[in-house]
1. Restrict the check to the range 421-431 and report whether at least one residue is farther than 24 Å from Ile131 by Cβ and touching a strand residue (DSSP E or B) at 6+ places or on another chain (Cβ under 8 Å).
2. Exactly one condition in (1) touching a Pro at 6+ places or on another chain (Cβ under 7 Å); (2) open to solvent by 40 Å² or more (accessible area, probe 1.4 Å); (3) closer than 20 Å to His22 by Cβ; (4) of a type outside the set (Lys, Arg) is false for Ala438; which is it?
3. Which of the residues that make up the range 109-125 are open to solvent by less than 10 Å² (accessible area, probe 1.4 Å) and either among the small types (Gly, Ala, Ser) or farther than 26 Å from Leu91 by Cα (or both)?
4. The conditions are (1) in contact (Cβ under 8 Å) with a residue 60 or more places away in the chain; (2) in a strand (DSSP E or B); (3) not small (Gly, Ala, Ser), and Val414 fails exactly one of them. Which is it?
5. More than 17 Å from the chain's Cα centre (by Cα) and farther than 29 Å from Asn267 by Cα: which single residue out of Lys150, Lys120 fits that description?
6. Does Lys280 fit the bill of being farther than 18 Å from Val522 by Cβ, open to solvent by 10 Å² or more (accessible area, probe 1.4 Å) and free of Cβ contacts under 8 Å to residues at least 60 places away in the same chain?
7. Pairs only if they're at least six apart or on different chains, beta carbon under 6 angstrom, first in the range 514-525 and within 10 Å of Ala171 (Cα to Cα), second polar (S, T, N, Q) and surrounded by fewer than 24 Cβ atoms within 10 Å (Cβ to Cβ); list them, first residue then second.
8. Kindly establish whether Val462 is within 18 Å of Ala245 (Cα to Cα) and touching a strand residue (DSSP E or B) at 6+ places or on another chain (Cβ under 6 Å).
Amino acid sequence: MPRIFLLLTFASLLIPQANADHIFELQTNAIKDGKAEFGHWGWEKDKYMLWGTHSNRLIPVYTFGTLNSGEGINLQSYVGKNSIYRSEKKLTDLYGQVPEGTVNPKAEYMDQTDVFRIQKAALKAGKKNIILVVFDGMDWQTTQSASIIKLNKIAYESGRGTGFHFQDYKADGTTQFTTMVTAPYVDNVKIDVDEQTISEDPNSFRGGYAYEFAGAQAWDTPAEPEYLMGRKTKTAPRQPYTDSASSAVSMTAGIKTYNAAINIDHNGKMVDTIAHLAQKEGYKVGVVTSVPISHATPASAYSHNVKRHDYQDLTNDLLGVKSVNHPQQPLQGVDVLIGAGYGEVRSKDSGQGKNFVEGNAYLTAQTLNEIDFRNGGKYVVAIRQQGVDGAEQLKEKAEEAIARDSRLFGFFGVKGGHLPYQTADGDFQPAIGRKKTAEKYSKADLRENPNLSEMTEAALSVLEKNEKGFWLMVEAGDVDWANHDNNIDNSAGAVMSGDAAVKVVTDWVEKNSSWDETVMIVTADHGHFLVLEKPELLVSPAE
């Protein structure tokens, strides 16, 4: 026996290890060393973790069912000669002024608010299904890095790209691609979450996109990298980057507003979203996310609040329960809400104001009780349960909701409030990140939670029963969380997870609908600041 063991050990040294995780190792070493040859977050090469938040980069936009679909739906309505950024008047209407350096006579990009206009035009044209897929925090550079990791080669250096379904899928020849500006109206205002009022902050900065410093294309190297961080340089103006709330509101309600706003304009007034408009036309509406149910992006699909962190009230709006902004007559609520946040218990939360209720940070026990059909509510509820397969439970509850002609609410997640990160190689074993720690998942965490694709399938199964049609948002929110963590392993895995959900949608369209009656937009709300210095190092060595 000892001799056999020695022979096997020696043989193992000669055979390349198939289980070696190249990206895990790159990420681990980058955090430990504080730098990496392949790239970094921020503007300094030797500081891997210099920047841990958003940027003012241009963001990729992929559309399906839009080419040759008419004025307002076709991307040509918003790019090139029709770009807002070629017109001083349009920029004034958008930002309340002409931001310094923002007029670009050759602009090919559109604005984030145009995403709303596409959806509104699709609704007006009678498109049956309108779908918005948001990869939170996924800029062009994040997508390219994930493509390199997935394909194990550098397949493109500009343009639409390849390697993911959302890049390669043709939608019967109806797909289009462009980029967009994500700048807010203003970065900060003074907020009173209890009174739900805002006032001007004299220390705030107005938004804009100075292309000569930032780049005229998403893949350009910026002339002034620190400009993208909202910093004033020797030559560039100081213009802030957006947060997830302001950016999502641009896409769902078509306005520029302040950072932290949830469907509140810069004057403090509530605005309708595309989901509200669709609901008024008889469409069903749904929201699916891999992060907490009332985080900025999902909340911006439907809720109203001066502050994105007022989670319990935002959830109440989504579920049609009385809230701080709708105390007498609640909103109708969405027909499907599936996401995370389960298990996140707090005794205090100053961000939610005086009406915060101890318990789950996103969902009060009273609201959960009120919405359940067993108590006279409108929702069949699927919630993470010990020992119960999350995907199977969600599917069963979706079927029950269909049979009862009820709504569907799904509530899942792990510690931290999101679904488990699948990582670049799909093994759900994340590398360490910015805080030099890594999440660890139990077998129960993986079994008791559905993934984003399974959530999307459940949502579609319920929404498709409405003869008039539906509006659906799907958010791959963990891309943003991974990039905040300066974690290329989690970031690539999150893009892959989101891409799988996109394929669920396109498969559904091909089986149950068509690209004549469906419009889908796949994009992101903002970027971060990953810089690839030597992208070839993301390619795993030959085994």
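1. Among the residues of the range 421-431, not one is farther than 24 Å from Ile131 by Cβ and touching a strand residue (DSSP E or B) at 6+ places or on another chain (Cβ under 8 Å), which makes the answer no.
2. Only one criterion is unmet by Ala438, namely (2).
3. Step one: filter the range 109-125 for residues open to solvent by less than 10 Å² (accessible area, probe 1.4 Å), giving 109-115, 118-119, 122.
Within the range 109-125, just Ala122 meets the criteria.
4. Unmet for Val414, out of (1) in contact (Cβ under 8 Å) with a residue 60 or more places away in the chain; (2) in a strand (DSSP E or B); (3) not small (Gly, Ala, Ser): (2).
5. Values: Lys120 fails: farther than 29 Å from Asn267 by Cα.
Checking each option against the conditions leaves just Lys150.
6. yes
7. What qualifies is Trp515/Thr174.
8. No: the conditions fail for Val462.
The values are calculated or read from the model by the stated rules, or taken from the named source; none is laboratory data. All values derive from a computational prediction rather than experimental measurement. Cβ coordinates were reconstructed from backbone atoms using ideal geometry, including for glycine residues, and neighbour counts include every protein chain displayed. When the accessible area is computed, the model is the full protein with side chains, heavy atoms only, and any ligands, DNA or RNA have been set aside. Shrake-Rupley method; radii C 1.70, N 1.55, O 1.52, S 1.80 Å.
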